[in-house]
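What follows is a set of notes on a single structure, which appears directly below.
The values are calculated or read from the model by the stated rules, or taken from the named source; none is laboratory data. Fair warning: this is a prediction, and the values are worked out from it, not measured in the lab. As a convention, Cβ positions derive from the backbone with ideal geometry for all residues, glycine included, and neighbour counts pool all protein chains shown.
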């Protein structure tokens, strides 16, 4: 059923949902772009602001810690005012945080940058809390995993452009710290303008309000949120998966420069773009593959492959281990959206609150880079990849359990 504010008869439901899904998909690109830049900033601040690997890991801590704090309030806001309110709030916070890079760069202050990233991530937490479940309910329930994977494919496109932009702007040959900060300011002002334009477009566009439709989806009426075993397992697994994804990317540039001869920071940043391209292609290809292989089975296969690839990364073979690390991105591609869709599927009226907890689980990404940084500072970057490897084991266990109890 369409919201009354669409002013369209029931026969126009599919086109309306398609346009709504297109707008929501643009949001996935925007937060993918922000995340793609984050891993470049990690290495950039190590050099320009002279922070350690563990300290640079605090970028991810501020970024993903914000998700933990904002997700539940965002879910409550959307329960009262709908998905559109959550999306607009998220875009405004995103633009505000991007503009805060101006004074942070002028002061060359690492704590100020942490605050700016925290504000950006508060906005992204709102967007993810709204857009992920919105994509799953904009159509038939049986297509939820594929629909969310398709939308998340454009998140991968944003993550591809992020390192490409960051490598060109922050690691230019012969650049000085001052010019680097100027490039940083320019990059984030352009992002702020783009985000505000998208916010204006969404504000002026009627979107279907699916709260009444969600209330009607109660196949397990009377069942509390935490009584859904697939949801509880999904939250726990999402925590460890996001920890793995963020950790794998956070020290990618460090790893490449240490395990590929003659590879500098800029070249490594471009290689990170290739890894993100593999991530994006993995989502498009795997979305197609899900029409032939169940999402649970594909998740299990990909998790087992990544366990083996991380083993190669830990060994640290020249060149070969770098290729293995890039391949990890391909097989991570479907994990977040598939876990999310599996976790919130059939929650009915609990969907928004369940989504909030799934987004709160992203806090795993706040912890892993600091822990990996500690290991890297005291041992090697290669050894630090044992931690993501353990996380993929947990993903495999959850996928196996959902195969047994779909």
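Let's see how each residue does on (1) in contact with a helix residue (DSSP H, G or I) (Cβ under 8 Å, 6 or more places away or on another chain); (2) part of a helix (DSSP H, G or I); (3) modelled with pLDDT of 85 or more; (4) buried (at least 23 other Cβ atoms within 10 Å of the Cβ):
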{"site": "54", "(1), (2), (3), (4)": "yes, yes, no, no"}
{"site": "69", "(1), (2), (3), (4)": "yes, yes, yes, no"}
{"site": "85", "(1), (2), (3), (4)": "yes, yes, yes, no"}
{"site": "122", "(1), (2), (3), (4)": "yes, yes, yes, yes"}
{"site": "127", "(1), (2), (3), (4)": "yes, yes, yes, yes"}
{"site": "148", "(1), (2), (3), (4)": "yes, yes, no, yes"}
{"site": "153", "(1), (2), (3), (4)": "yes, yes, no, yes"}
- Pair list, Cβ under 8 Å, 6 or more apart: segment 232-255 residue on the phi > 0 side of the Ramachandran plot and buried (at least 24 other Cβ atoms within 10 Å of the Cβ), other residue at pLDDT below 95 and assigned to a helix (DSSP H, G or I): none
- Query: Would you pick out the residues in segment 195-224 that are assigned to a helix (DSSP H, G or I), surrounded by 15 or more Cβ atoms within 10 Å (Cβ to Cβ) and at pLDDT 75 or above?
  - Reply: 195, 196, 198, 199, 202
- Scanning segment 299-320 for residues that are without any contact (Cβ under 8 Å) to a residue 24 or more places away in the chain and either assigned to a loop (DSSP other than H, G, I, E, B) or surrounded by fewer than 17 Cβ atoms within 10 Å (Cβ to Cβ) (or both) gives 301, 308, 320
- State whether the residues of segment 96-107 include one that is free of Cβ contacts under 8 Å to residues at least 60 places away in the same chain and under 18 Å from the mean Cα position of the chain (by Cα). yes
- Mind checking whether some residue in segment 321-338 is outside any helix (DSSP H, G or I), at pLDDT below 95, touching a helix residue (DSSP H, G or I) at 6+ places or on another chain (Cβ under 9 Å) and surrounded by fewer than 24 Cβ atoms within 10 Å (Cβ to Cβ)? no
- Test for residue 276: is it surrounded by fewer than 23 Cβ atoms within 10 Å (Cβ to Cβ), closer than 21 Å to residue 387 by Cα, under 21 Å from the mean Cα position of the chain (by Cα) and modelled with pLDDT under 90: no
- Task: State whether one or more residues within segment 87-109 are on the phi > 0 side of the Ramachandran plot, buried (at least 19 other Cβ atoms within 10 Å of the Cβ) and in a loop (DSSP other than H, G, I, E, B).
- Result: no
- Residues being within 20 Å of the chain's Cα centre (by Cα), under 19 Å from residue 380 (Cα atoms) and free of Cβ contacts under 8 Å to residues at least 60 places away in the same chain - total across segment 321-333: 1
- Within segment 279-292, track down each residue that is at pLDDT 90 or above and over 21 Å from the mean Cα position of the chain (by Cα). 289
- Item | Qualifying positions in segment 134-146 - at pLDDT below 75 and assigned to a helix (DSSP H, G or I) | 136, 137, 141, 142, 143, 144, 145, 146
- Message: Out of everything in segment 1-37 that is outside any helix (DSSP H, G or I) and over 21 Å from residue 88 (Cα atoms), what residue ends up being modelled with the lowest pLDDT?
- Response: 1
- Message: Report every pair of residues separated by at least 6 positions or lying on different chains whose Cβ atoms are under 8 Å apart, first residue within segment 109-126 and free of Cβ contacts under 8 Å to residues at least 12 places away in the same chain, second part of a helix (DSSP H, G or I) and crowded, with 24+ Cβ neighbours inside 10 Å.
- Response: none
- Task: Identify all residues within segment 341-393 that are farther than 22 Å from residue 317 by Cα and not in a helix (DSSP H, G or I); write none if there are none.
- Result: 345, 346, 347
- Message: Going by what's in this entry, would residue 75 be described as assigned to a loop (DSSP other than H, G, I, E, B), at pLDDT below 85 and out of contact with any strand residue (DSSP E or B) (no Cβ under 9 Å at 6 or more places or on another chain)?
- Response: no
- Determine the pairs where a residue that is under 13 Å from residue 208 (Cα atoms), located within segment 72-95, has a partner that is not in a helix (DSSP H, G or I) with Cβ atoms under 6 Å apart, the partner being 6 or more residues away or on another chain. 82/209; 84/207
- Yes or no: residue 43 modelled with pLDDT under 85 and part of a helix (DSSP H, G or I)? yes
